[in-house]
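K.L.:
There's a structure below that I have some questions on.
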Amino acid sequence: MSERASQSWNKQLAQGDPLNQVSTNVPRGMGPFSTWEEGAIAALKHDGLTSVSDWCIEKVLHWQEKYNGWGYFFRGIPSPYVWGGNIQSTARQVCVRWSLVVHYNGSSDRLRRHAQRHDGDRS
């Protein structure tokens, strides 16, 4: 689920705008959608992720960075979307809109935790 959607199934994955309205935030003009799944598929298609066939770990991290934008990368800063919560980074996502600091677990940390939980599941 998208952090942009504030963990809500009533908001678009792409930017967190209401599911039943045309989006006004970037990417603009998406929707309205009948279901969260319909909106999620549109968001993934918009970013070209439905045509990806190679989902090895380094590609997952690449696509996660691309999906959230290259801004951190081009500034030489570890993206909190990818590296937050990882021992390799001290990146933090700061949410100033509500004067609240959020310690964000990035996708690399979530993938690591998932792998640790399911390490014995391999045959």
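The values are calculated or read from the model by the stated rules, or taken from the named source; none is laboratory data. For clarity, every value in this text was computed on a predicted model and none was experimentally measured. Cβ: placed from backbone, ideal geometry, glycine included. Neighbour counts: every protein chain shown.
K.L.:
Here is a list of conditions, (1) modelled with pLDDT under 85; (2) loosely packed, with under 11 Cβ neighbours inside 10 Å, and Q93 meets all of them except one; can you say which number that is?
P.N.:
Status for Q93: all satisfied but (2).
K.L.:
Name every residue in segment 45-71 that is free of Cβ contacts under 8 Å to residues at least 12 places away in the same chain and in a helix (DSSP H, G or I), in order of residue number.
P.N.:
The answer is K45, T50, S51, E58, K59, H62, G71.
K.L.:
So, one more: Would you call W70 of a type in the set (F, W, Y) and at pLDDT below 85?
P.N.:
Taking the combined requirement at face value, the residue does not satisfy it.
K.L.:
If I go through segment 8-35 residue by residue, how many of them are of a type in the set (A, V, I, L, M), touching a Pro at 6+ places or on another chain (Cβ under 9 Å) and over 17 Å from T50 (Cβ atoms)?
P.N.:
Summing the residues that are of a type in the set (A, V, I, L, M), touching a Pro at 6+ places or on another chain (Cβ under 9 Å) and over 17 Å from T50 (Cβ atoms) in segment 8-35 gives 2.
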